[in-house]
Amino acid sequence: MASETATSYRLGVLGAAKIAKKNCRAASHPSTSCSVVAVASRSKEKGSDFVNEIFTSTGKTAPAVVSGENAYLDLLADSTGSLNLDAVYIPLPTKLHEKYVLEALSSGHHVLLEKPVAVSADSYRRMLNAASANGKFLQDGTMF
């Protein structure tokens, strides 16, 4: 099994939804250069169960669980500086995408976004404009 290296892309995940499992398994495969380093969940138990189910057999370090009412924002803010995220994966309900995409981009993270990406074309334009303004990528789930 491959081990984590200095060239690994560090990924945070907002939410412990069922839809996130497939992509987290793929991102954590031993042959990838990606490491999921944190999972945010409003529920500590759900976040821990998610991490245990997905990451136990990967051979990589299990990600931290950021929990609580403000878990998503706490992960994005990384106030301790310990996560050092390159990108975040957002598998939240579509109505929450714009809020957390804009926060992630303004926090300096690339964004992998589950589809559908937005509730409206105007919302998607705001997200695309923010990605461009912050020099970050915004990629929808069709491509990853």
The correct count of residues that are open to solvent by 30 Å² or more (accessible area, probe 1.4 Å) and either part of a helix (DSSP H, G or I) or in contact with a Ser or Thr (Cβ under 9 Å, 6 or more places away or on another chain) (or both) in region 87-116 is 10
Over region 55-85, the set of residues assigned to a helix (DSSP H, G or I) and either open to solvent by 50 Å² or more (accessible area, probe 1.4 Å) or modelled with pLDDT of 90 or more (or both) is ALA71, TYR72, LEU73, ASP74, LEU75, LEU76, ALA77
Of (1) among the basic types (Lys, Arg); (2) within 23 Å of SER8 (Cα to Cα); (3) modelled with pLDDT of 95 or more, ARG125 fails just (2)
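Applying the selection to region 130-143, what residues are assigned to a helix (DSSP H, G or I) and farther than 18 Å from LYS95 by Cα?
The initial filter retains those residues of region 130-143 that are assigned to a helix (DSSP H, G or I), namely 130-134.
Result: ALA131, SER132, ALA133, ASN134.
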When region 16-46 is checked residue by residue, the ones that are in a strand (DSSP E or B), hydrophobic (A, V, I, L, M, F, W, C) and over 16 Å from THR61 (Cβ atoms) are ALA40
Log entry, pairs with first residue in region 63-80 being more than 14 Å from GLU103 (Cα to Cα), second being in a helix (DSSP H, G or I) and of a type in the set (Val, Ile, Thr), beta carbons closer than 7 Å, six or more apart or on different chains, reads PRO63/VAL51; VAL65/VAL51
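The values are calculated or read from the model by the stated rules, or taken from the named source; none is laboratory data. Keep in mind it's a predicted model, so treat the numbers as computed, not measured. A quick note on method: Cβ atoms are made from the backbone with ideal geometry, for glycine too, and the neighbour counts reach across all protein chains shown. We work out accessible area using only protein heavy atoms, side chains counted, and drop any ligands, DNA or RNA first. Shrake-Rupley method; radii C 1.70, N 1.55, O 1.52, S 1.80 Å.
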